[in-house]
Amino acid sequence: MIFARTDNSVLSRWWWTVDRWTLMAIGLIVAFGALLTMAATPAVAERLGLEPFYFVKRQLGLLPFALAMMLAVSMLSPREVRRLALVGFVISVVLLCLTFVIGAEIKGARRWINIAGFSLQPSEFVKPTFAVLAAWLFAQQRKQEGFPGDLIAIVLYLVVLGLLLRQPDVGMALVVSAVWFTQFFLAGLRLLWVVALGALGFASIVAAYFVFPHVASRINRFMDPNSGDTYQISTALEAFLNGGLFGRGPGEGTVKSVLPDAHADFVFAVAGEELGLIACLMIVGLFAFVVLRGFIRLLQEQNLFILLAVAGLLVQFGLQALVNMGSTLHLMPTKGMTLPFISYGGSSLLALSLGMGFMLALSRRRYGTGEVL
Amino acid sequence: MATRLSDLVRYLPARLRIEGTAKQTLETARHRLVITGILFALAFTIVALRLVDVTVLKDAGEPRLARAPKAELQMGRADIIDRNGVLLATSLATASLYANPKLVIDPADAAAKLARTLPGIDAKETAAKLASDRSFVWIKRNLTPRQQYEVNRLGIPGLFFQREEHRVYPHGVLTSHVVGFTNIDNRGLAGIEQYYDEWLLQSSEPLQLSIDIRVQHLLREELAASIDEFQAIGGAAMVLDLATGELLGMVSLPDFDANNPSQSPPENRFNRNTLGVYEPGSTFKIFNTAMALDYGVSTLATSYDATKPIHVSRFTISDYKGKNRWLSVAEIFMYSSNIGSVRMMLDVGRERQREFLDRFGFLKAPTIELPEVAAPLVPSPWRDVNAMTISFGHGISVTPLQLVVGTAAIVNGGILRPVTLIKRRGDEPIPGERVISARTSEQMRKLMRLVVEKGSGKSANVPGYLVGGKTGTAEKIVNGRYKKDSRISSFVGAFPMNAPRFLVYAMLDEPKGNKSTFGYATAGWVVAPMISRIVSRIAALYGIAPVDETEPAVRDQLLVNVAVR
């Protein structure tokens, strides 16, 4: 793509202001994701009695739309981003409420809703939209005297948290909480409150341990591998061992035919077995690059809303990657969380594209004093 | 400084004030962003390090791989070995062929190919199996590696192998009644295999029996020869180590191949030593005589009237080849006088007789590490007439094992030791309880030697090995009646009688006399010669030196100081 500096079209302006390094890193992650989808999902599909390329077709068919959406969103102005986020958030919350009425129950949780033949997971879309919205609320409180931004953010957070826990989707609640808390922290929350909220968060995890039996069993199994079935995690670890430095080659692995979630939560193990250590380190490096480069660029940022929103979106992105890889590597209890752009899942892919679109749009280079809204 | 700054702020115009705090807020946000970034960088580093750890450094990985086959081995059934470590039963890994008919393309063709490759496969039956709409059918269990290779070479889709274990008995028939066998799923169905089923499944150590495969072999050879010679329908033989109570050999014929037990008729699985109950006949006079001596009612020289038969209710008790005179206790034992035995028993009394036999374990099922154990047939109530016939071994039926255990206590100095098929460890004390005095035991040894030296057991003698024992011939009871010409002929003895080491028992079921025995099928003619051969072979096997029987010291040990005519 060659755009003259003098070209004043939307596309040209976008090209010269968007962070092309981040764009490239995301592109590479997507490429890894496509490769692993082709390698891992046929085995899973076969086990479920579907035709081998069922998941490949669905995921790769959706990919162009998702990427197009990300690029389109990244061309929006900060004001448009905020509006889209608000609309998206309202719709997501409404759909989230609807899951309790018309949602399909899968594996003991009501998370999915059927819309025109697609099953959609509204909670995925809550994450990026709420991050943008909360960022604006926190920023506005500090910009406009008398505006109760913090209070609204707290109320909205509690509503979202309540809905997520009712489903129940503890993993999602954890990510939303972490993002919200980080934003609040960045917005200058007094240290006493930081400590208090941190303690409260820890207490909530302890409470989840006692309230949700599946959370308790996962934590138990992590703490004491002998207490229960650790088949998944030990199989995953063996996959890394089998892979070695260079892997067995794409499609040559065996874990995908035994691990139930090889295409989603345990896709990193497939990567370890088939692509090897070096490729896995590259994947980790790409995620770290996107997050840390984003943070470093934010240090120049003059606008608090943009700083909070981008930081929130990056925290969400990075945290999901860390939790997914960490649980596959037995660094933490297994938590059903997708590896961004790599795990199979339509809702996750679309929501991440939306979120990264927001992030790219907000982090575009701007000129001026920081009055962007 | 802080107060001065806030004072200053208060006097600034509103717009500037907000800008000032906004700058401060941004500053705070940047500081905290750095902290958050550092945390993320740390977390990514940890993930990367862990990745390297589990992929290439993982030291826990290697034992995991190495442990897996070991765990599999431990699942196998433990071996059974003899007292010298010879393998009697072991488990081999084999492959069993099964099919997923849904994946078989041409069932008829596949079945035809399999029938040509594997023995015992019926093409029609297999084709029906392969055409069924199940997703799992066994084709053949336990293939040899060659068969597995050949099936693989057929290249039929839908056939699979299941790794299995196959129990193998290298000695086949030789230990079949002792070791027993397992079913196709490796569970014990008979013998030690059944008695120690759970233990064998859990243990990683082999189970060591007291059996000496060499003794087992010679016993079976001699017993089979005698059965053949006298056309018996079966027989049994045992050798017991008198010092420990361990069985060195236990053979029952006919027997079966433990590798393929269903090939033999079911009656071949009958262990005559532990499951057969027979009237012991004259061998039981060992206990009648020991009883009279031990209670002190008789001495070897005490004489009893054996001039005429005893009539009791409708029975007449007479002697086989009777002497028709008064006989001493020694003569009664040597000539096996029924009349004399009854008179000795009458001196002891019915109650004391019952108590004495109970002491030797004749009134309840014997205890041994086999599931195939029968209880004796004991009269109830124990009337006078029962007591009289029991004195010479009739009216009671016991297993050969009980006779062996009881006789061992008679000759070993008077200690009843539990019999076992499991090798005793050298360091553990051997349990036992005194049942008769050492003096009675010594007298019984002399009497048993006398039987072989001068009485009915002469053919059991082996020069230099001081064999002693007692013969017994009893007519078999069939449907509650004694059957003429179908006998149980047996001999129980020990050697060398001056310091007995081994107890030897042999029995023939329904032997027929032949020319060499002048038509006789009594124990002295058909079993005693077999005992002689067994003793000489065991003596050679264990390297026991013969003694000079004319040496005064030896003679004194076994001399019966009673005139025997």
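The values are calculated or read from the model by the stated rules, or taken from the named source; none is laboratory data. Note that this is a predicted model, so its numbers are computed, not measured. As a convention, Cβ positions derive from the backbone with ideal geometry for all residues, glycine included, and neighbour counts pool all protein chains shown.
To keep it simple, each residue is scored yes or no on (1) loosely packed, with under 14 Cβ neighbours inside 10 Å; (2) modelled with pLDDT of 90 or more.
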| residue | (1), (2) |
| --- | --- |
| B:Lys308 | yes, no |
| B:Val312 | yes, no |
| B:Ile317 | no, no |
| B:Tyr335 | no, no |
| B:Met345 | no, yes |
| B:Arg352 | no, yes |
| B:Gly361 | no, yes |
| B:Lys364 | yes, yes |
| B:Leu370 | no, yes |
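Number of residues in the stretch A:227-246 that are crowded, with 24+ Cβ neighbours inside 10 Å and in contact with a Leu (Cβ under 6 Å, 6 or more places away or on another chain): the value is 0. Here the condition is being touching a Ser or Thr at 6+ places or on another chain (Cβ under 8 Å) and not charged (D, E, K, R); of B:Leu247, B:Leu346, B:Leu242, B:Leu253, it holds for B:Leu247 alone. Against the criterion of being of a type in the set (Gly, Ala, Ser) and not in a helix (DSSP H, G or I), A:Gly88 does not qualify.
Would you confirm whether or not the stretch B:225-236 contains a residue that is in contact with a strand residue (DSSP E or B) (Cβ under 9 Å, 6 or more places away or on another chain), hydroxyl-bearing (Ser, Thr, Tyr) and part of a strand (DSSP E or B)? Break it down stepwise before answering.
Going residue by residue through the stretch B:225-236, those that are in contact with a strand residue (DSSP E or B) (Cβ under 9 Å, 6 or more places away or on another chain) are B:226-227, B:230, B:232-236.
Those still in the list that are hydroxyl-bearing (Ser, Thr, Tyr) too: B:226.
Right, trim to part of a strand (DSSP E or B) and you get none.
Taking every residue of the stretch B:225-236 in turn, none turns out to be in contact with a strand residue (DSSP E or B) (Cβ under 9 Å, 6 or more places away or on another chain), hydroxyl-bearing (Ser, Thr, Tyr) and part of a strand (DSSP E or B).
Of the listed requirements (1) part of a helix (DSSP H, G or I); (2) without any contact (Cβ under 8 Å) to a residue 24 or more places away in the chain, B:Val404 misses just one: (2). For the stretch A:188-199, residues that are within 26 Å of A:Val310 (Cβ to Cβ) and at pLDDT 90 or above total 1. Please verify whether B:Ala292 is touching a strand residue (DSSP E or B) at 6+ places or on another chain (Cβ under 9 Å) and outside any strand (DSSP E or B), treating the condition exactly as stated. For B:Ala292, the condition - touching a strand residue (DSSP E or B) at 6+ places or on another chain (Cβ under 9 Å) and outside any strand (DSSP E or B) - is not met.
From A:Gly251, A:Gly276, which residue is at the interface with chain B (Cβ under 10 Å from one of its Cβ atoms) and of a type in the set (Gly, Ala, Ser)?
Criteria check complete, one pass: A:Gly276.
Determine whether the stretch B:393-400 contains at least one residue that is touching a helix residue (DSSP H, G or I) at 6+ places or on another chain (Cβ under 9 Å) and surrounded by 24 or more Cβ atoms within 10 Å (Cβ to Cβ). Scanning the stretch B:393-400, I find at least one residue that is touching a helix residue (DSSP H, G or I) at 6+ places or on another chain (Cβ under 9 Å) and surrounded by 24 or more Cβ atoms within 10 Å (Cβ to Cβ), so the answer is yes. Please go through (1) among the hydrophobic types (A, V, I, L, M, F, W, C); (2) outside the structural domain of B:Thr420 (by TED's automatic domain parsing); (3) at pLDDT 95 or above for B:Ala563 and return the number of the only condition it doesn't satisfy. Here B:Ala563 meets the rest and fails (3).
Of all the criteria given as (1) crowded, with 22+ Cβ neighbours inside 10 Å; (2) in a helix (DSSP H, G or I); (3) away from chain B (no Cβ under 13 Å), the one not satisfied by A:Ser327 is (3). Counting just the residues of the stretch B:77-87 that are among the hydrophobic types (A, V, I, L, M, F, W, C) and closer than 18 Å to B:Ile184 by Cα, which one comes out surrounded by the fewest Cβ atoms within 10 Å (Cβ to Cβ)? Going through the qualifying residues, I end up with B:Ala78.
In the set A:Ala321, A:Ala351, which member is surrounded by 23 or more Cβ atoms within 10 Å (Cβ to Cβ), within 14 Å of chain B (Cβ to nearest Cβ) and under 30 Å from A:Arg111 (Cβ atoms)? Steps first, answer last, please.
Numbers: A:Ala351 fails: within 14 Å of chain B (Cβ to nearest Cβ).
Within the list A:Ala321, A:Ala351, the selection yields A:Ala321.
Being hydrophobic (A, V, I, L, M, F, W, C), farther than 30 Å from A:Gly312 by Cβ and within 12 Å of chain B (Cβ to nearest Cβ), is that true of even one residue in the stretch A:185-206? Within the stretch A:185-206, not a single residue is hydrophobic (A, V, I, L, M, F, W, C), farther than 30 Å from A:Gly312 by Cβ and within 12 Å of chain B (Cβ to nearest Cβ).
One residue stands out among those in the stretch B:162-191 that are surrounded by fewer than 15 Cβ atoms within 10 Å (Cβ to Cβ) and touching a helix residue (DSSP H, G or I) at 6+ places or on another chain (Cβ under 9 Å): the one that is modelled with the lowest pLDDT, which is B:Arg163.
Taken as a whole, the structure leaves A:Leu313 outside the set of residues that are of a type in the set (A, V, I, L, M), away from every other protein chain (no Cβ under 14 Å), crowded, with 24+ Cβ neighbours inside 10 Å and not in a loop (DSSP other than H, G, I, E, B). Looking at B:Asp509, B:Asp548, just one residue is touching a strand residue (DSSP E or B) at 6+ places or on another chain (Cβ under 6 Å), more than 21 Å from B:Ala408 (Cα to Cα) and not hydrophobic (A, V, I, L, M, F, W, C), and that residue is B:Asp509.
Quickly run through the stretch B:442-490 and pick out the residues that are among the basic types (Lys, Arg) and either in contact with a Pro (Cβ under 8 Å, 6 or more places away or on another chain) or not assigned by TED's automatic domain parsing to the domain that holds B:Leu401 (or both). Listed by number, the residues that qualify are B:Arg445, B:Arg487. Note on the stretch A:138-184: residues that are within 14 Å of chain B (Cβ to nearest Cβ) and farther than 21 Å from B:Leu39 by Cα total 12. Residues that are touching a Gly at 6+ places or on another chain (Cβ under 6 Å), at pLDDT 90 or above and under 14 Å from B:Leu223 (Cβ atoms) are absent from the stretch B:533-541.
Scanning the stretch B:47-58 for residues that are assigned to a helix (DSSP H, G or I) and at the interface with chain A (Cβ under 7 Å from one of its Cβ atoms) returns B:Val47, B:Ala48, B:Arg50, B:Leu51, B:Val52, B:Val54, B:Thr55, B:Val56. Between A:Phe287, A:Phe305, the distinction of being more than 10 Å from chain B (Cβ to nearest Cβ) and surrounded by 23 or more Cβ atoms within 10 Å (Cβ to Cβ) belongs to A:Phe305 only.
The one condition from (1) within 23 Å of B:Tyr542 (Cα to Cα); (2) touching a residue at least 40 places away in the same chain (Cβ under 8 Å) that B:Ala224 does not meet is (2).
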